[in-house]
Structures are given as structure tokens and as C-alpha cells.
Amino acid sequence: MTQRIVELLAPAGNLEKLKVTVSYGCDAVYLGGEKFGLRSAADNFINSELAEGVKFAHDRSVKVYVVLNSFLYDRDLKELPEFLIFLEKVRVDAVIISDLGVLKTVKELTNIPIHLSTQASCLNVEAGKLWKKMGVKRLILGREVSIAEASKIKKATGLEIELFIHGSLCMAYSGNCVISNYTMGRDSNRGGCAHNCRFEYSLDFKDKKENSFFMSSKDLMGIAQVPEFFSHGIDSVKVEGRMKTHLYVGTITKAYKRAISHYEKNASLSPAMIAELEGELRKVSHRDYTEGNLTKRADEYSIFDKREHLDVDYMFVGQVVETKMGEHILMEVRNPFFQNDQLELLPFSEKEKTFKAFPLENILGEVVEKAHPGMLVKLPYVEGVENLNLIRGRSL
Ligand code: SF4
């Protein structure tokens, strides 16, 4: 039985990560140029990288959406036309906007399709209809909307609908928060959020004092809801995380792609498969997981009432840069590991393969005891390995 396709939309924090997520099977990527997006701390793309990224993605039938979702001052808006003309020239598939001034400029100067950013907090049918009149093709709804509510907005507006399926959540309305501006002078609307909601606060009640992380949200995980995204006709599911690591984007893309492809073919997702994929999603850095608002309103169980820690069992040890059939893998090392460590290869679609880092050799073929970041090392050949595959190991 063939189901309607749900687009898997993944983050591309830089050109390397774009290549990783495209190779692991996403249907579309979103990325930011040097300005106008909301992630000033992400690497972001200079124009030449953006053009290369679009070509790499389009050659593999993957779409590219560019974020222009800051709210701009007049002085910023003046710089936008030149960038828009460049984006149209390299044939990006859509731009993601929040600001009406940006929307007007895009419409006047280009024919690039417009997606409404979650930052605009569209939560209802009437808002959706108004955005449609203004030329928006797709609504990226606020994270406060459930899958069922999103489906109603789709039916009433006839617009494409995109919902977040995985990643960090904001306790404010889809990022409309200025705590960071007031406390740190860092503008969250311009990618500078200091994540004050993750801090520990001292609560002073009438009869007691308490320390708490009461504003820190768990992370969203919607793998068990993949069937509902299909049955409600959601067009695109989005993974948050332009600032996350290569291993993060590769692992998450692969897990969701497996779930979506399996559901497309079989119209079902067994509890065993969901459990297996959830296990994979727990291998990357995350806070505890929550379903957020996907099926019911998020409540106190969505609060991650702990100090943030990045303890993860697995780390990204490197990426395959060359393979010699039956002989060895050449890998660029990203984190240190030792000869004889157990490593796991993440093929693009097959199951993960465990192997031992023995022998471990440098590029000259000399045995080394420890691999350091930046080194090129030779590892034993693993059946099915391909260039750009990621390799992970247990955290030291
Ligand atoms: S401080 Fe927290 S709630 Fe506010 S914008 Fe940043 S992540 Fe969102």
C-alpha cells in the first residue's frame, strides 16, 4: 500500500552538515546565509557555499529552503534585495520568513516560494487564511499546535503545512522571548539567545525557598507519531538543530527517514520498530524527551527540571573520506579514541555495524595507539561502508 509522502526536512548548519544530512536521506534542508536568519552562532553559509550546497542537494533531488526569519530593522532591510536576487539565481526552493517587510520585499523582487516561519506563531485558521492572501505557500505552524489542529488549518487554508517533529523546544511562544535581551544584551530575535530558560532559578515562596529549573523544556521527539503525521495529511516534518553536530544530524535524519519510508510502504510502524528508533535517538545529546504538543497540550511533564548536561554514551569519532574495497577505511578523526575501541559505522540506510579499531594506522600505514582530532587514520574495512558515512564510539 502506498501512502502520501511526508517530507523530512533537516537542518544544515554548514556545508559539511548539509552533505551529511542529504546523504542520510532527508528530502529537504533548511539553512541560513550570513544574515537575516536566527542562528548567529551557527556556521551559516557564505554565498559560494550556499550555491555549492544547493547544487549538492538538487543533484540528489533534495530541496533547499533558506531562513530569512529575523524581524528586521529598516537598516537591515536595505541589504536584503541583493541577497534575494542571489537566492533566486541559485534556485533555492523557498525562503522562510516571519517579518511582513521581508515578505513584501521577497514578493516584489522574486518568484521564490514563501514559507511562513514558526517564529510568526501561526496557530489558527484565520491567521493561516490571511497569510495565504499575502502570498505564503506553506505554514510552519507554531510548536503549540497539535497534529490534529494542524490538519484542520491545512483543510481550511489549502496551504502546505509543516510541523516540528524533533529537537529543542522553547518555553516561549516559538522563540518570541526577550529574556536573553534583557538579562544578557543578547538578542534572541537575531540568533543571540543565551538560553536563560535552561538556567537554575531560586524561587522564593512565602514559607520556603526552592531552587529549580522550572522553565527548561525537554526535547521534542515525535517518532511514535509518524503515522499521525501521515493520516492527518501533514506535508513536512522538521528537525530542529542547525547548531547541532554532524553525528546528531546524521543519526536523527536516518532514524526519521527509516520511520517515514517504512510507514510509506507498509502503512504501519510496529512498537518494536519505534522502540528501536527511539533507542537510536537517545544515542545523541538530548535532554529527556517529550511529545510536546503533538497529541495533547504539553504540561509539567514536559519540563526538564535538571541541570543541563551533555553526557551522552556515544561520541562522533570521525567521518569516512575514502574506502578501499576489502582493505581499509580512511577516516578523518573528529574526537579521540584508542586502538581496539569498539566503533559503530552508520551506513546511510542499513543497520549500524559494530567493529573493532584494530589495526589502527596513520596515513603512512604505521600503527598508532591513539587517534587524535584532525588525523587521517586507516581502519579495517567494513562491508557496506561508503564515503561520508559517520563513525561513532563510546564516550571516553
Ligand atoms: S531563553 Fe529559552 S525560551 Fe527564551 S528564546 Fe531562548 S530558548 Fe527560547
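The values are calculated or read from the model by the stated rules, or taken from the named source; none is laboratory data. Predicted model only: the values in this text are computed from it and were never measured. Every residue, glycine as well, gets a Cβ built from its backbone with ideal geometry; the counts of neighbours run over all protein chains shown.
Please verify whether Lys218 is in contact with a Ser or Thr (Cβ under 6 Å, 6 or more places away or on another chain), among the charged types (D, E, K, R) and crowded, with 17+ Cβ neighbours inside 10 Å, treating the condition exactly as stated. It is true that Lys218 is in contact with a Ser or Thr (Cβ under 6 Å, 6 or more places away or on another chain), among the charged types (D, E, K, R) and crowded, with 17+ Cβ neighbours inside 10 Å. Kindly indicate which of Ser285, Ser261 is in a helix (DSSP H, G or I) and in the same structural domain as Ile147 (by TED's automatic domain parsing). After ruling out the rest, the residue left standing is Ser261. Answer with yes or no whether Leu169 is in the same structural domain as Lys218 (by TED's automatic domain parsing), over 24 Å from Arg198 (Cα atoms) and crowded, with 20+ Cβ neighbours inside 10 Å. Spelling it out, it is not the case that Leu169 is in the same structural domain as Lys218 (by TED's automatic domain parsing), over 24 Å from Arg198 (Cα atoms) and crowded, with 20+ Cβ neighbours inside 10 Å. Filtered by the rule that a residue be part of a helix (DSSP H, G or I), touching a residue at least 12 places away in the same chain (Cβ under 8 Å) and within 19 Å of Gly158 (Cα to Cα), segment 85-139 gives Thr118, Ala120, Val125, Gly128, Lys129, Trp131, Lys132.
Of all residues in segment 200-214, those being in contact (Cβ under 8 Å) with a residue 60 or more places away in the chain and either part of a loop (DSSP other than H, G, I, E, B) or within 11 Å of the ligand (Cβ to nearest atom) (or both) number 3. Taking segment 174-193 as the range and being under 19 Å from the mean Cα position of the chain (by Cα) and either at positive phi or more than 7 Å from the ligand (Cβ to nearest atom) (or both) as the test, the residues that pass are Ser174, Gly175, Asn189, Arg190, Gly191, Gly192. In segment 76-111, of all residues being within 23 Å of the chain's Cα centre (by Cα) and surrounded by fewer than 20 Cβ atoms within 10 Å (Cβ to Cβ), the one that is nearest to Val237 (Cα to Cα) corresponds to Asp93. Within segment 163-199, the set of residues being without any contact (Cβ under 8 Å) to a residue 24 or more places away in the chain, in contact with a helix residue (DSSP H, G or I) (Cβ under 7 Å, 6 or more places away or on another chain) and assigned to a loop (DSSP other than H, G, I, E, B) comprises Cys177, Val178, Arg186, Asp187, Cys193, Ala194.
Look at (1) over 20 Å from Ser121 (Cα atoms); (2) in contact with a strand residue (DSSP E or B) (Cβ under 7 Å, 6 or more places away or on another chain); (3) near the ligand (Cβ under 9 Å from one of its atoms) and you find that Ser217 fails only one, number (1).
Across segment 146-173, the number of residues qualifying as modelled with pLDDT under 95 and more than 16 Å from the ligand (Cβ to nearest atom) comes to 0. The C-beta contact set for segment 229-257 (first residue closer than 15 Å to Ser285 by Cβ, second residue aromatic (Phe, Trp, Tyr) and in a loop (DSSP other than H, G, I, E, B), distance under 7 angstrom, 6+ apart or interchain) comprises Gly250/Tyr24.
Among the conditions (1) under 30 Å from Glu34 (Cα atoms); (2) touching a Phe, Trp or Tyr at 6+ places or on another chain (Cβ under 8 Å); (3) more than 14 Å from the ligand (Cβ to nearest atom), Gly241 misses just one, which is (3).
Checked against (1) surrounded by 22 or more Cβ atoms within 10 Å (Cβ to Cβ); (2) under 25 Å from Thr295 (Cα atoms), Cys197 passes all but condition (1). If you check Leu294, Leu277, Leu330 for being touching a residue at least 40 places away in the same chain (Cβ under 8 Å) and over 30 Å from Leu379 (Cα atoms), only one passes: Leu294.
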